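Structure first, commentary second.
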Amino acid sequence: MSSCSSSNPSSSSSSLSDTESPRKRPRLIKAEKQADHADVNSQVQDTAPATDSDLSDAKRDRTYYFSDGSCVIWVEDTLFNVHRSILSRDSSSFSTLFMLPQGELRTEGGSDDNPVILKGDTANDFRNFLWAMYAMPHELKALFDTQSDVAKLLDIANVANKYSFKSLETWACDALQQCVARRPFPLSDSNPVHRAQLTRIIQLAQLCQHERLLQTIVSAMRNLLTTYPTFLTLALSLADELAPPIPSLTGAAYFSALLRGPAFWDAPDMHLTIHQRLRILTGYHRLTSDWEMIRANAPEFTHAPSCVAWNHTQCTASWNAFWKEQVASDNVTKLSVADVGGRLKEIVSAIDHWGPWGQTSVMHHECKKEVKRGISAKITTIAFMSQQKRPLSPMPDDEPYSDEGPPKRSKLANATVGFDYDGPELPSSTESEDSDTIKRDEKYYFSDGNCIIRVKNTLFNVHRSRLLQSDSPSFLESIPSQDTQKSKGSADDNPIALQENVNVREFRNFLWAFYAMPYELRNPFKTPADIVKLLDIAEIADKYSIKSLTIPAHHTHYKSIIVLAQLCQHENLLQTIVSAMQKHLMNPTFLRFAMSVVDELAAPVSSLTGATYYSVVLCGLGYLNTNDIPIHQQLRILKGYHRLTVEWEGICVAIPEFPHAPS
């Protein structure tokens, strides 16, 4: 990520040595580890002022010390200069801090020698958190396309939880959940760093009360307990250390341990505590006692109604003999004596191969089914008691969030043909843009912005450092690099004017790509308004050649958007997507795809169909020879080609007549 370079640090250090009297006591956001889960807002309190010797050791962060930042924050030995308008989002604790009255004292965070001090965090933790606040869409997308950075996500979630960025916290936990749900399991059992991260993930899921993450990581660990002994030792440690404990993990860990037998408990590298050994031995004794009781007496059953004609005594005797034979068989005795459920499963499997009446059994087939049902119920009960499973509430794919958080589930998520979209109407592309009255944009006119841009009759006040993240030379040429009183964009009466063919809606959606929080990019294809937003971003990115913001033209997306627009009878969306497709028709690969789309649509779009086939005709007959085009499409193309060539011949033969001018 590119950033706005700061001024010479050496000049800053000299200014830091100057003392002022009296010095204002800087506000401290005390960052204790959330062992007691205290309310984050209570962490704002006064502390002793930072001394010159402390500040002289501070260094400016290379990435997140912006020259146009409005809040200097001191974490460990590092100074960050970021934007108050960014930190105030998501109803965070910072928004409350910035609203506190300052009186006649200097504004806290206004300079390097009067920063906002964060205690208890590391500079790297806070840097990762700022990455999430300032990351561009393509950077966030890359986080999921490649192996996720678990350490970075953990830092983001912890800092977000601490300072009450609720929606960002949920996004980070969701990202972690997707990471640990991958196969194969992304964290190695032999890597000490990964073992520490497993512990942090479980503790974080409990702290944030994120049930889906907790279920996923516990389920993954339970599946690995029987394969990797190192995971078992970690699970036993977590079972005793977590507060509150997780019964499903505790039960699975101890049950896996006792199934391994004394050879595992007494291994020199296990280092079990007295408490753990007592727990394992108690469970082992209880399960072995249960097996002895089950083995001694065959389970009773109720004879099936169709078994009335038979001799119940023979049916019962046959079952008792079969039971005694099976409990002593090799398939059963090879399993641990504490594995009651496993031994019963072997017996159920043997019942399936037990011969029918007249061969080796005199037990009625319906009675066999009744016996299997009874043993299966016993297995379920034992599994529940040994694993201590708790029924967990199902979690939807997309959780509802607050108004400032990720969008709620779309009403179109389960739409079928015949349903109309009843969401909010899209703003017109020319919403009051012809008015002579100049107005400030309600969302993107920031109080700490330093770059005023005028689009039609609307003013946007944004941050130069954000726009400088663009990778477009043509766009950067219109943004002055220096913040001076006379430079373009420094005042409402001296704004930067963009091209005439950019409208307010398009530019507002374009800025959304720069300022969107990670959770807002979670699933952009939900409603027509979201799709138009993405198309607007792609439109301006294409105008200014901003490669990092050019949204790839996924074929399935184009077709789905057209179907959605037809389903909702949304003319604005349909016109926007058709216009976007028409611009790419001269690309041979995209043209081939567009031909398939126009033929597959149940309700053809005449403007798209005509533009597509006309583009093919312009490519010439050679295009037909180099592409595997169906016969019906070839006939259409040839008819159009013939019609246009005949029309041209007619024009060439007869010179067009014209009326002479009066002069």
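Summary of computed values
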{"quantity": "Members of segment 184-218 that are in contact with a helix residue (DSSP H, G or I) (Cβ under 9 Å, 6 or more places away or on another chain), of a type in the set (A, V, I, L, M, F, W, C) and either part of a helix (DSSP H, G or I) or in the same structural domain as A243 (by TED's automatic domain parsing) (or both)", "calculated": "V193, L198, I201, I202, L204, A205, L207, C208, L213, L214, I217, V218"}
{"quantity": "Odd one out for L238 among (1) part of a helix (DSSP H, G or I); (2) surrounded by fewer than 18 Cβ atoms within 10 Å (Cβ to Cβ)", "calculated": "(2)"}
{"quantity": "F514 at pLDDT below 75 and surrounded by fewer than 20 Cβ atoms within 10 Å (Cβ to Cβ)", "calculated": "no"}
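The values are calculated or read from the model by the stated rules, or taken from the named source; none is laboratory data. If you're wondering where the values come from, they're calculated on a predicted model, not measured in any experiment. Using ideal geometry, Cβ is built from the backbone for each residue, glycine included, and neighbour counts are taken over all protein chains shown.
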